[in-house]
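Worksheet: the structure to be examined is printed underneath.
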Amino acid sequence: KQEVTQIPAALSVPEGENLVLNCSFTDSAIYNLQWFRQDPGKGLTSLLLIQSSQREQTSGRLNASLDKSSGRSTLYIAASQPGDSATYLCAVEETSGSRLTFGEGTQLTVNP
Amino acid sequence: GAVVSQHPSRVICKSGTSVKIECRSLDFQATTMFWYRQFPKQSLMLMATSNEGSKATYEQGVEKDKFLINHASLTLSTLTVTSAHPEDSSFYICSARGYPGPGNYGYTFGSGTRLTVV
């Protein structure tokens, strides 16, 4: 059974810092991995999706990497801003069209 | 980009009544819809998977007679919480994976419904 773990569970940083969120998964046979952002009381917003054949994806200040063989992904946020404060979730899709397995999330607070 | 519209965003109902939550895919065909439940400060828990025109597949421990899912069209799926009780109070979110829409781009989520049963 696939298990997804995110570290740290919570992170508080001053504005402007670069930071890394970690995600690990137990079964490396995945189809893709997706990072989401969730604001309090809201749904999920997709940030980046990495196909299993890819190593990384970038969007603006966000960069996500994937090392499938070791079962790890990182989300790098450059020059963090207070507006980045949210919960970040990673999720793996094991086969095309299958369910997503989510990590518990990292709650990020960026202080002005 | 792909959008899933979920309504209502908030609902308060009396114990024993039923509540219907709708999710519509606005610019793609959602062949598969996933329904999740989320408790405070916890991650998403998959409740059921529905494919258009067929019966939903429920996760272990989820009562199918209590959480009725209908996916009668490629753009609309509904979750009805029947005979709601206070313990059903939670945040419910739908997610769609369509073809050829966002299927190659991952999943799109609705904005969620906060259900409070009093």
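The values are calculated or read from the model by the stated rules, or taken from the named source; none is laboratory data. Remember, predicted model here, so these are calculated numbers, not experimental data. Methodologically, a virtual Cβ is constructed for each residue, glycine included, from the backbone with ideal geometry; neighbour enumeration extends over all protein chains shown.
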> Inside region A:25-54, can you point out the residues that are modelled with pLDDT of 95 or more and farther than 26 Å from B:Phe91 by Cα?
Replying inline: A:Thr26
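Out of the residues in region B:78-93 meeting the condition of being of a type in the set (A, V, I, L, M, F, W, C) and part of a strand (DSSP E or B), tell me which one is farthest from B:Ile21 (Cα to Cα).
Here the answer is B:Phe91.
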> Looking at (1) under 14 Å from the mean Cα position of the chain (by Cα); (2) surrounded by fewer than 13 Cβ atoms within 10 Å (Cβ to Cβ); (3) of a type in the set (A, V, I, L, M, F, W, C), can you tell me which one B:Phe39 breaks?
Replying inline: (1)
> Among the residues of region A:70-89, which ones are more than 10 Å from chain B (Cβ to nearest Cβ) and in a strand (DSSP E or B)?
Replying inline: A:Arg72, A:Ser73, A:Thr74, A:Leu75, A:Tyr76, A:Ile77, A:Ala86, A:Tyr88
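Does B:Ser50 satisfy the criteria of being surrounded by 19 or more Cβ atoms within 10 Å (Cβ to Cβ), in a strand (DSSP E or B), away from every other protein chain (no Cβ under 13 Å) and modelled with pLDDT under 95? Don't jump to the end; show me each part of the working.
Working: surrounded by 19 or more Cβ atoms within 10 Å (Cβ to Cβ): yes; in a strand (DSSP E or B): yes; away from every other protein chain (no Cβ under 13 Å): no; modelled with pLDDT under 95: yes.
Taking the combined requirement at face value, the residue does not satisfy it.
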> Looking at region B:94-118, which of the residues that are part of a loop (DSSP other than H, G, I, E, B) and of a type in the set (Phe, Trp, Tyr) is modelled with the lowest pLDDT?
Replying inline: B:Tyr99
> If you go through region A:10-68 one residue at a time, how many are over 30 Å from B:His7 (Cα atoms), among the basic types (Lys, Arg) and either within 11 Å of chain B (Cβ to nearest Cβ) or surrounded by 15 or more Cβ atoms within 10 Å (Cβ to Cβ) (or both)?
Replying inline: 1
>> So the check is Cβ under 9 Å with 6+ separation or different chains; which pairs have a first residue in region A:25-40 that's farther than 20 Å from A:Leu108 by Cα and a second one that's of a type in the set (Val, Ile, Thr) and assigned to a loop (DSSP other than H, G, I, E, B)?
In response: A:Ala29/A:Thr95; A:Ile30/A:Thr95; A:Tyr31/A:Thr95
